[in-house]
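> Sharing a structure here in structure tokens format.
Coordinate-derived values only; no laboratory data. Remember, it's a predicted structure, so these values are computed and weren't measured experimentally. Methodologically, a virtual Cβ is constructed for each residue, glycine included, from the backbone with ideal geometry; neighbour enumeration extends over all protein chains shown.
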Amino acid sequence: MRDGRLHVDLGRGTSVELPQEETRRRLDATNPQWPIMHAVLHGVSRDQFMARHRANHLNVAYAPEAATADKALRAKAALFAELGVEVHLCGDVRL
């Protein structure tokens with residue numbers, strides 16, 4: 001919520017694999033009910049993400065390749081906008 005309105009930031013990223021020890025460290029530092037995925041955001045640094053969102057979690061739509069990911073991003077943006085949510089596109093986004 002900001003200025004009495006719901007907002008959502010949407011962008012693209014890639015799921016990456018980290019060493020098992022790092023994954024274990026991160027799992028041990030969180031609630032065990034939360035799933036974990038390591039992501040590298042396209043055009044947005046970790047610090048930029050954390051500063052804007054004040055959170056360390058993402059909402060994800062998985063896709064097998066870039067073109068389908070772009071379609072999923074467009075669909076999510078359109079849905080949120082239709083619901084009256086203020087949509088902000090961040091990072092490297094192709095619409």
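> Counting only helical runs of four or more DSSP H residues, what would the 222 nm mean residue ellipticity of the chain come to if each run contributes -39,500 (n - 2.57) and the total is spread over all its residues?
Value at 222 nm, helices only, nearest 500: -11000 deg cm²/dmol.
> Net charge near residue 63: determine it from the other residues with C-beta under 11 Å of the C-beta of residue 63, scoring Lys and Arg +1 and Asp and Glu -1.
0
> If you take Cα extents along the principal axes in Å from the coordinates, which of [x] 42, 26, 26; [y] 47, 29, 20; [z] 42, 34, 24 do you get?
Given [x] 42, 26, 26; [y] 47, 29, 20; [z] 42, 34, 24, the structure-derived one carries the label [z].
> Could you point to the residue in 30, 48, 66 farthest towards the positive end of the range 1-67's charge dipole, with +1 and -1 charges on the Cβ of Lys/Arg and Asp/Glu respectively?
48
> Ok, one more. Placing +1 at every Lys and Arg Cβ and -1 at every Asp and Glu Cβ, with all other atoms neutral, what dipole size does the chain have around its Cα centre, in debye to the nearest 20?
Dipole of the chain, to the nearest 20 debye: 160 debye.
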